[in-house]
1. Name the long-range amide H neighbours of K125: under 5 Å, sequence gap of 5 or more, or other chain; modelled H, no Pro or chain starts.
2. Quick one: what Rg and Dmax do you get for segment 65-143 from the alpha carbons, in Å?
3. Which net charge results for the neighbourhood of L2, defined as the other residues with beta-carbon distances under 10 angstrom from its beta-carbon, given Lys and Arg at +1 and Asp and Glu at -1?
4. For G48, what residues show an amide H to amide H distance below 5 Å, using hydrogens built from the backbone and excluding near sequence neighbours?
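What follows draws every value from the coordinates through simple rules; no lab data is involved. Note that the structure is a prediction, hence the values are computed from the model and not measured. Reconstructed Cβ throughout: ideal geometry from the backbone, glycine too, with neighbour counts over all protein chains shown.
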Amino acid sequence: MLQGCSLGCPDCLVPETHSSKRGREESVAFLVQYILSIQGIQGITITGGEPMEQAQALLQLIQGIRESSNLSVFLYTGHEINELQSHGTRAQLQLILAVDILCDGPYMIDLATQKNLWRGSSNQKIYAFSDKGRNEIKEYSQPMQMTLQATPDDWQIVGIPTKDMVDLLQKGFFGGRDF
């Protein structure tokens with residue numbers, strides 16, 4: 001997960017990633033080695049913050065991973081692909097072509113769905129930029145699932161909740177507090 005996002009989407013599920021001053025900075029070389037050391041993974045998913053705000057470093061990360069592995073790369077961006085193609089930087093355009101699969105567009109809670117493959121809201125679109133990406137889309141054609149993992153000390157959402165789930169969590173589980 002990347003830190004830093006200037007988009008400010010009103011329904012963002014991870015607003016704690018907006019500030020570029022949070023988190024910790026790591027070198028691209030360290031991240032490549034760390035990712036390659038993880039046993040049994042088939043690919044990486046890059047989320048935000050906003051990945052396009054760190055396009056050059058991400059491009060280097062993907063190139064480093066590609067040099068030593070066959071891992072697939074899936075990238076989420078709050079930007080729409082046509083916006084990036086018209087106004088993106090060179091690094092952003094190269095990044096688009098370097099990934100296997102891209103999901104574009106902001107998460108919009110009023111359009112939240114779990115019926116579409118790998119998308120949290122119906123405005124988002126999936127693009128495959130490689131044979132590997134096209135094959136993964138065919139192989140993993142089941143809609144997204146969302147689970148809540150909770151312990152007495154912590155909780156974690158895996159997947160993207162629907163608007164009804166967010167409302168339910170805020171009213172019940174979190175006693176009306178923002179999460």
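1. Here the answer is D104, since their amide H atoms fall under 5 Å of that of K125.
2. 13.2, 41
3. -2
4. HN-HN under 5 Å from G48: L2.
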